[in-house]
Amino acid sequence: MPRRTTRRAFLRRLGLAAATAWLRPARLPAAAGPRTQPIPISGERVPVIGMGSWLTFDVPPLGPLVDTRVEVLRAFFAAGGGMIDSSPMYGHAEDVIGRCLRRLGAAARPLFAATKVWTPLAWHGRRQVEDSFRLWGVERFSLLQIHNMVSWEGHYETLRALQAEGRVRYVGITTSHGRRHRELETALRAKPFDFVQLTYNLGDREAEARLLPLAAERGIAVIANRPFRRGDLIDRLAARPLPSWAAEIDCQGWPQVLLKFVVSHPAVTCAIPATSDPEHMVENMGASRGRLPDAALRRRMVREVAPLLG
């Protein structure tokens, strides 16, 4: 892997104008592709909207429900998607993803394949990862993460060894539901992780206090999970009219407003909403295009929308 880039050096390389572009909600041309963000350690760019698979892809691998998941992924890639995130904890999800990718063939590109190791036994981690390779049908994972910090010290060495073998490009660590932030901060300070995944949305902003600034300081890419809090945030807003300022950031519905709040934070690399509905996938991917809220609008969103989310 390339030598780790500090946040300060990363911003110098990009230039001040690029580093502060999030402050200005500039319109993208209608024909422009999806908005992307650079991975700090390498500069590789990934679309700001990815796809989670918890619950939504945990369906019988040989049943008719797989057909719908193929269409979800078809819509995802057609709209410029790349990052798919899964885990052995997600039941059949890895198996189903692999079957969908094989059915889509060349249409499933570009793929940023991200999964996790999830076992309390460090020695078992390598075997679990090999199962993931088999289920996905990939020769190399773009990202392997330690799921919910389970036995993270032992798994870290396993994942770095796989990276040295060329079978993994990036190494990360995750948490969710706003839990274990103090322990996660300790881990991020102890080891040079390439990615961190955590919960961040308009109703759950605890990560803004310490974790997001720390990730920015250390040049760690951030994946935001639960951007809709499993649909709860959308349900709470569904009966409310879309505010007039939503047009200023090219949003056609509340899901796009919620996603654009997440990905407009300067430390966030990608958000991974999950869905089993192809139409919802198209709507989600719409958040990767058009203008983003600037700092002033983000503050207004916190004042006006966050109190509605409980």
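Values computed for the structure shown
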quantity: Sequence-separation-based contact order of segment 153-298, relative, with Cα cut under 8 Å and 6+ spacing, percent; calculated: 20
quantity: Beta bridges per DSSP with both ends in segment 113-215, % antiparallel, nearest 5; calculated: 10
quantity: Mean separation of Cα contacts under 8 Å (6+ apart) over length of segment 214-285, as relative contact order %; calculated: 44
quantity: Cα-projected label distance for Glu130 with Glu157, points at 7 Å along beta-carbon direction, nm; calculated: 1.9
quantity: J(HN,Hα) series, segment 162-179, from Karplus relation 6.51 cos²θ - 1.76 cosθ + 1.60, nearest Hz, glycine and proline x; calculated: 5, 5, 5, 7, x, 9, 9, 8, 10, 10, x, 9, 10, 8, 8, 6, x, 9
quantity: Potential lengthening between Glu165 and Arg109 on full extension [0.36 nm per residue; Cα-Cα distance subtracted]; calculated: 17.8 nm
quantity: Hull volume in cubic angstrom per residue (convex hull over the Cα atoms of segment 28-112); calculated: 105
quantity: D_trans [Stokes-Einstein, Kirkwood Rh over alpha-carbon pairs] for segment 201-310, 20 °C, 1.002 mPa s, µm² s⁻¹; calculated: 150
quantity: Carbon plus sulfur fraction of accessible area for the chain, probe 1.4 Å, in percent; calculated: 53
quantity: R0 of 22 Å, Cβ-Cβ distance Ser244-Asp277: FRET efficiency to nearest 0.05; calculated: 0.20
quantity: 1.4 Å probe accessible area per residue over segment 197-250, in Å²; calculated: 42
quantity: Along principal axes, Cα extents of the chain, largest first, whole Å; calculated: 53, 48, 37
quantity: Rounded to 5, the percent of DSSP beta bridges in the chain classed as antiparallel; calculated: 15
quantity: Viscosity 0.890 mPa s, 25 °C: Kirkwood-radius Stokes-Einstein D of segment 126-174 over Cα pairs, µm²/s; calculated: 228
quantity: Stretch gain in nm, segment Gln252-Arg45, where the contour uses 0.36 nm per residue and the Cα spacing is subtracted; calculated: 72.0 nm
quantity: Shape metrics for segment 106-244, restricted to C-alpha atoms - Rg then Dmax, Å; calculated: 16.7, 55
quantity: Positive-end residue, segment 247-310 charge dipole about Cα centroid, Cβ charges, pick of Gly253, Gly290, Val268; calculated: Val268
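The values are calculated or read from the model by the stated rules, or taken from the named source; none is laboratory data. All figures in this text were calculated on a predicted structure; none of them were measured in a lab. Cβ sites come from the backbone with ideal geometry, for glycine too, and all protein chains shown count toward neighbours. In case anyone asks, the SASA skips ligands and DNA or RNA and just uses the protein heavy atoms, side chains included. Shrake-Rupley method; radii C 1.70, N 1.55, O 1.52, S 1.80 Å.
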